[in-house]
Amino acid sequence: MEDVDWNAVSRLGLNREMLEKFNALDELLKGFKTSVLLPVLCDDGKEKGVVNARLQLKLNDNGEVVLHIHQVKKKLDFRKKFLGHRFTKEDRLNLLNSGNMGRVVELINRVTGEVIPSLISRDKLTNEFFSLPTDFVRIPTVVCGVVLNAEQQEVLRMGETLFVENMLSKSKRLFSATIQFNAEKQWLEFFFNKKFKAKNGEYSFEFVVPSTFRGKALCKWQIERLKAGEMAYIRGLVSEKGKEYQGYIRFDKQVGRILFAFKKPN
């Protein structure tokens, strides 16, 4: 805690109490990015304002803790190369739909020039691209009670999707889902709330708006607004520490997930 530059946090319009209220302080101290978007002050020299961003604490080359700001990008720019990789049409569709590119590509290290086989994923909250060398991809042998064979593990290691049946949830219920390794999260990602639709012998997915969000049942009018692609205000959410908070939610049809923001996005 004492290593955090609280003056830098203050310049963003935040403080320790606000981070605790947003249930973000523990995530920061563990080195993770905040799981929610936070309203931060932005001054680019031309204009000042409040933007939504994810924060993360990292060590610099001098061993000092510095605050990194992952600001939300309005749209993805596929025209530029990412670490030497030019996105194909299929790459773009995969990153937009699931957030994961779905294959291994060779990326160039900016510092050493070394060519590194890697996976690429998109931060679904900020629209940033992240890569992870395949040497750091760790696939478990057991996923929710289902033992994966060597072939299935290799499919996931290569960034491809894998449909797994009869997995066991924490509540001891069987479920099936599509899983895929996410380079940004550095772990397996589960795709729920999906309907499988067959067309021309191929399967596609259709996301379904869930009826609950963070343990709170959604009202009928909220679900209808989310289905229509509109924003809905929600109150009465409770953090892990028992503190109540509220904000705005919308359903992202591309990723099949409800996104949350404390401030109403433009």
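Values in this text are rule-based calculations from the coordinates and carry no lab data. Computed from a predicted model, the values in this text were never measured in an experiment. Glycine also receives a Cβ, built like all others from the backbone with ideal geometry; neighbour counts cover every protein chain displayed.
Per-structure values
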| quantity | calculated |
| --- | --- |
| Tail weight of P(r) past 27 Å, computed on alpha-carbon pairs of the chain, percent | 48 percent |
| From phi via Karplus (6.51, -1.76, 1.60), per-residue ³J(HN,Hα) for the stretch 74-79 in Hz, x at Gly/Pro | 5, 8, 7, 10, 7, 6 |
| For Leu107, distant residues with modelled amide H under 5 Å away | Ile116, Ser118 |
| Greater than 30 Å apart at Cα, pairs in Lys58/Lys89; Lys30/Lys220; Lys80/Lys185 | Lys58/Lys89; Lys30/Lys220 |
| Karplus 3J(HN,Hα) series, Hz, for the stretch 99-114 with 6.51 cos²θ - 1.76 cosθ + 1.60 (x for Gly, Pro) | x, 10, 6, x, 7, 8, 10, 9, 10, 9, 5, 4, 8, 9, x, 5 |
| The stretch 1-152 shape via C-alpha gyration tensor axes, a/c threshold 1.5 | prolate |
| Positive dipole terminus of the chain, leading residue within Val209, Val105, Ser131 (C-beta point charges) | Val209 |
| For the stretch 89-135: rounded, prolate or oblate by the Cα gyration tensor [a/c cutoff 1.5] | prolate |
| Per-residue HN-Hα couplings for the stretch 56-64 [Karplus 6.51, -1.76, 1.60; θ = phi - 60°; Hz; x = Gly/Pro] | 7, 9, 9, 8, 8, 5, 8, x, 9 |
| Cross-link reach list, lysines versus Lys243, counting only Cα pairs under 19 Å and skipping chain neighbours closer than eight places | Lys21, Lys216, Lys263 |
| Using alpha carbons only: equivalent-ellipsoid semi-axes of the stretch 6-71, gyration tensor based, whole Å | 19, 15, 11 |
| Placed amide H near Leu148: partners under 5 Å, 5+ positions off or other chain | Val142, Val143 |
| Under-5 Å amide H pairs with Leu188, H placed in peptide plane, nonlocal only | Asn182 |
